[in-house]
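Q: My questions all concern the structure below.
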DNA sequence: TGGACAAGATTCGTATACAATCCGGAGGCC
DNA sequence: GGCCTCCGGATTGTATACGAATCTTGTCCA
């Protein structure tokens, strides 16, 4: 394959997608030389990409130790979903008011892709797409600043799911997204807001946030690392 | 003076404060060699710091052109204040519920410092402190994730003020912050939320967001650069 | 057998070198 | 006189080099 010119943004993006799709589990060491080798760039650009991901809380940068895929604590998990509950319902309301046929179509295509991925057994990709669905909704609300924040929260949610999700089978059988599109199509802002709110609550309550994975046993560490 | 060891985080922080205090106006070119010279570090660490600031939207990184202090558009200005209005009132409510005597004292000390700076004629510092006051409130709410988002919005607000503020004299004579502390001290969450909401609206409406500085005349550009 | 220590190997942090790109002005042409 | 072109200087983008910190592993001793 032809060697493509790649910058730090592309490196960060590819790593972010891999993390989001659970191909890089929390705690994974991201060796600079290794990553550079894979993408055909020097450590300089790899480091820039890793720093970008660190700012998004997707990786942990430990001085003189290297970069690791982040492992959100229980506390952080709660915070992320609190933040989402604060911001996303209002955003969904705003999106419902602004959505035209083109936007609705795009959302439906998005869900279509998600279903297709699920059918192929590519759970990781399906999870990724079900996350970015929220990004699309935020984009429709036409508030770039908040959309960016939501995108970060969605990414972090993916890490939280990797750590604290219990019943992965029931992944996205829920038709919450379909219902939301319906409300948006009807321009029913109240309903859209309510649906988003309950959808997030639903996600949150299906996590097992009792305690453990925050301080993983060093033994477990060794086995998984 | 002893040469202190400084990393990219410190560089970013010092530049951020300078921007926040309006010592580096929007559009200012941040030459890598020059900044490195000032802090006694190589371009490598300067670049890392600049990238961090770019992620916070405090500087604009233009490929092959360099780093410039950001010039938020009118649209961006609106978005930032919309986001703040969405997030900060709820945060103030939460802070009011959690604030104990220690927190109240810290806030009062903060305001004290702001008044002192104003008395010394250091308007930039006063502006900086009046901004970070909001960060302190967010910290009391004990929601790190949202607090970080607010901190970014506050920084960007400082740039917006630099570009679109009209009556700078009336800077912070308003006693909105004092009133907020009062409500928090009484544990009056409703009042704290309402005060924060009106305070932000007040700020927003005192901006002149009619149009211009978004697409600055190239002539003006040349004069200011 | 188990733990503590030390030397080697690995990996990160920072500085520097070199190539690519952009800006500005001199000169020429219309 | 105005505009275009081209070249020199300056600045950024990327790779590499080297010192510093950390991790590994093998050995010694209790």
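Quick note: the coordinates plus some simple rules give every number you see, no bench work behind them. Note that the structure is predicted; figures quoted are calculated from it, not measured. Every residue, glycine as well, gets a Cβ built from its backbone with ideal geometry; the counts of neighbours run over all protein chains shown.
Q: Show log10 I(q)/I(0) for the protein assembly as shown at q = 0.07, 0.08, 0.10, 0.11 Å⁻¹, two decimals, from a solvent-free Debye sum over equal Cα scatterers.
A: Per q value, in the given order, log10 I(q)/I(0) is -0.39, -0.52, -0.83, -1.02.
Q: For the stretch A:82-130, what class follows from the C-alpha gyration tensor (a ≥ b ≥ c being the square roots of its eigenvalues): rounded when a/c is under 1.5, otherwise prolate if a/b is larger than b/c, else oblate? Mind dumping the intermediate values first?
A: Numbers: a/c = 5.43, a/b = 1.45, b/c = 3.75.
Taking the square roots of the gyration eigenvalues as a ≥ b ≥ c, the stretch A:82-130 is oblate.
Q: If you wrap a convex hull around the Cα atoms of the stretch B:8-71, how much volume per residue is inside, in Å³? Write out the running numbers ahead of the final one.
A: Working: hull volume 4.6 nm³, N = 64.
Value for the stretch B:8-71: 72 Å³ per residue.
Q: Right, another one. With the cut-off at 1.5 for a/c, could you classify the stretch B:64-215 from its C-alpha gyration tensor as rounded, prolate or oblate? Before the final figure, lay out the partial values.
A: Values: a/c = 1.79, a/b = 1.51, b/c = 1.19.
In terms of gyration-tensor shape, prolate.
Q: Moving on. Angle between the Cα long axis of helix A:189-205 and the longest principal axis of chain A, 0 to 90 degrees, nearest 10?
A: Helix A:189-205 sits roughly 40 degrees off the main axis of chain A.
Q: Okay, next question. Which shape class, rounded, prolate or oblate, goes with the stretch A:48-124 when its Cα gyration tensor gives a ≥ b ≥ c as root eigenvalues, a/c under 1.5 marks rounded, and past that a/b bigger than b/c marks prolate?
A: The shape class here is prolate.
Q: Over chain A, what is the relative contact order in percent, taking alpha-carbon pairs closer than 8 angstrom and at least six residues apart?
A: Working: 276 pairs, mean separation 59.0, N = 225.
RCO, chain A: 26 percent.
Q: Kindly express, to the nearest 10 degrees and within the range 0 to 90, the angle between helix B:74-98's C-alpha long axis and the longest C-alpha principal axis of chain B.
A: The two axes meet at around 40 degrees.
Q: If one takes the longest principal axis of the Cα atoms in chain B, at what angle in degrees, from 0 to 90 and to the nearest 10, does the Cα axis of helix B:123-140 lie?
A: Roughly 60 degrees, rounded to the nearest 10.
Q: A further question follows. Return the average number of partner chain Cβ atoms within 10 angstrom of each residue Cβ along peptide B:74-83. Numbers along the way, then the final one.
A: Details: counts 0, 4, 2, 0, 2, 7, 2, 1, 5, 7.
Counting Cβ atoms of other protein chains within 10 Å of each residue's Cβ and averaging gives 3.
Q: Let me know the mean shielding of B:143-153 by other chains, meaning the per-residue number of their Cβ atoms within 10 Å of its Cβ.
A: Working: counts 6, 4, 16, 7, 1, 6, 8, 0, 0, 3, 2.
Partner-chain Cβ atoms within 10 Å, mean over residues of B:143-153: 5.
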